[in-house]
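What follows is a set of notes on a single structure, which appears directly below.
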Amino acid sequence: MALPFPALVARGLATEKFRLLDIGCSGGLDPVWRSFEPRLQAIGIDASVTECQRLAGLERNPDIAYVPGFVAPSADRRIDLSAGPAAPLIMEMRDRMSFMRTREIREARLRQASTVELLRNNAWEMTGLADPERPLVAPDLLAERGWTDLDYLKLDVDGADFDILRSFAGRFDPLRVIAVQLEVNFVGTDGADEHTFHNTDRFLRAQGFDLFRLDVRNFSSRALPARYIWPTPAETVSGRPFQGEAYYTRDVLASHRTAAATALGPEKLAKIAAVLASWDVPDAAAELLLARRETMATLFDVDAGLDLLAAQTQSQRRRPLRYRDYMATFEEDQPGFYRPEGSIPMWERLKSAWRGYWHPREKRL
């Protein structure tokens, strides 16, 4: 699914590549990154040998490679799968969830399932796996392949995610990484080494990144299963926040990031804007374009870029307004920026009125 604004940025990169490392690439690269082709270069790593072989057979971009292997913080740290594919606490927590009960119900069928079906059921450990005695170290793999520059790191391995992330400590700046996407856990202890959102967030902020999007996935317990959101057993329409997807990039406009921002050239800044649009955060991309208009203008038509971002924001309109006209409607405080009064359910109106009665100062704020 190519997006217009990232494609505009890609055309302006000339000979510059958009380099992506996808650790846990089962299912393939997110189609949104195809917007950068033919400037896209990627390495996908996955513990499933059969899935890497399948993806390699389908791939048509010679600059994209799929590498089978478990990933670890160091080469001498073998992968122990005896207790399950994830950390003990996460294994304990997920066994309480309804999707694991569905896995149990389907177990006999899954033994005969294809790789694609196994991955749809998140049963990657039932596919042909790489040698756990010979793990890969991601930064070392990049060095071996001559990658001295990396734009985007995506990480989702259902296990040692936080340990793998920390193997990049001190390497984000030398590699000139601009964005990180990873799965996070909302369950766990307060331990400093636990793969939890609060530890991930603290670590990445210390490495110079800021959070721009956070998706929360709820999972119901097997005690009272809720309806699944997707056609496969995974997150549910209700339940506790269990896992999610966190998206971090360089906030080059923040006062506390000024020093790091000066090290990024026009291409990196343009890629940040394209990444933000790919994450469906076009407002942050537009903010960057306006603040760095002269810099961006060396690569592409900034006004055309703003129009594309405005159109992305107006996905519900058949004929989206151009950026300048769209902003004019906001300055006029037009009704289109508000939820129609008649569409608000009665229970929500009563709740709002009750809150306004008991907390009048909160209403003024």
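Within segment 305-318, being among the charged types (D, E, K, R) and at pLDDT 95 or above holds for one residue alone: Asp307.
Residues satisfying the criterion are absent from segment 31-42 (criterion: in contact with a Leu (Cβ under 6 Å, 6 or more places away or on another chain), under 27 Å from Ala130 (Cβ atoms) and among the hydroxyl-bearing types (Ser, Thr, Tyr)). Screening Ala2, Ala56, Ala113, Ala72 for residues that are at pLDDT below 95 and touching a strand residue (DSSP E or B) at 6+ places or on another chain (Cβ under 9 Å) leaves exactly one candidate, Ala72. Restricting attention to segment 257-270, the residues being over 16 Å from Asp210 (Cα atoms) and either in contact with an Asp or Glu (Cβ under 7 Å, 6 or more places away or on another chain) or surrounded by fewer than 17 Cβ atoms within 10 Å (Cβ to Cβ) (or both) number 4. Of all residues in segment 21-41, those being under 16 Å from the mean Cα position of the chain (by Cα), in a strand (DSSP E or B) and either surrounded by fewer than 23 Cβ atoms within 10 Å (Cβ to Cβ) or of a type in the set (D, E, K, R) (or both) number 1.
In the set (1) among the acidic types (Asp, Glu); (2) more than 14 Å from the chain's Cα centre (by Cα); (3) surrounded by fewer than 17 Cβ atoms within 10 Å (Cβ to Cβ), Asp163 fails one condition alone, (3).
Would you confirm whether or not segment 354-365 contains a residue that is modelled with pLDDT of 85 or more and of a type in the set (A, V, I, L, M)? Scanning segment 354-365, I find no residue that is modelled with pLDDT of 85 or more and of a type in the set (A, V, I, L, M), so the answer is no. When segment 42-53 is limited to residues that are in contact with a strand residue (DSSP E or B) (Cβ under 7 Å, 6 or more places away or on another chain) and either of a type in the set (D, E, K, R) or closer than 18 Å to Pro139 by Cα (or both), the one that is surrounded by the fewest Cβ atoms within 10 Å (Cβ to Cβ) turns out to be Ile43. Taken as a whole, the condition of being buried (at least 16 other Cβ atoms within 10 Å of the Cβ), outside any strand (DSSP E or B), out of contact with any helix residue (DSSP H, G or I) (no Cβ under 6 Å at 6 or more places or on another chain) and modelled with pLDDT under 95 applies to Leu89.
Which one of Arg227, Arg250, Arg213, Arg240 is of a type in the set (Lys, Arg) and out of contact with any Phe, Trp or Tyr (no Cβ under 7 Å at 6 or more places or on another chain)?
Only one candidate passes the filter, namely Arg227.
Applying the set (1) under 27 Å from Gly239 (Cα atoms); (2) touching a residue at least 60 places away in the same chain (Cβ under 8 Å) to Ala75 leaves exactly one unmet item: (1).
I want to confirm something. Restricting to segment 42-53 and keeping residues that are more than 17 Å from Ala10 (Cβ to Cβ), assigned to a strand (DSSP E or B) and not β-branched (Val, Ile, Thr), which single residue is modelled with the lowest pLDDT?
Of everything passing the filter in segment 42-53, Ser48 is modelled with the lowest pLDDT.
Any residue that is over 22 Å from Arg176 (Cα atoms), among the aliphatic types (A, V, I, L, M), touching a residue at least 24 places away in the same chain (Cβ under 8 Å) and surrounded by 14 or more Cβ atoms within 10 Å (Cβ to Cβ) - is there at least one of those in segment 227-239? So far as segment 227-239 goes, yes, one or more of its residues are over 22 Å from Arg176 (Cα atoms), among the aliphatic types (A, V, I, L, M), touching a residue at least 24 places away in the same chain (Cβ under 8 Å) and surrounded by 14 or more Cβ atoms within 10 Å (Cβ to Cβ). Among the residues of segment 306-323, which ones are touching a residue at least 12 places away in the same chain (Cβ under 8 Å) and within 22 Å of Arg293 (Cα to Cα)? Leu306, Asp307, Leu308, Leu309, Ala310, Ala311, Gln312, Thr313, Arg322, Tyr323 - these are the residues of segment 306-323 that are touching a residue at least 12 places away in the same chain (Cβ under 8 Å) and within 22 Å of Arg293 (Cα to Cα).
The values are calculated or read from the model by the stated rules, or taken from the named source; none is laboratory data. Source: prediction; values computed, not measured. Positions of Cβ are backbone-derived with ideal geometry, glycine not excepted, and every protein chain shown enters the neighbour counts.
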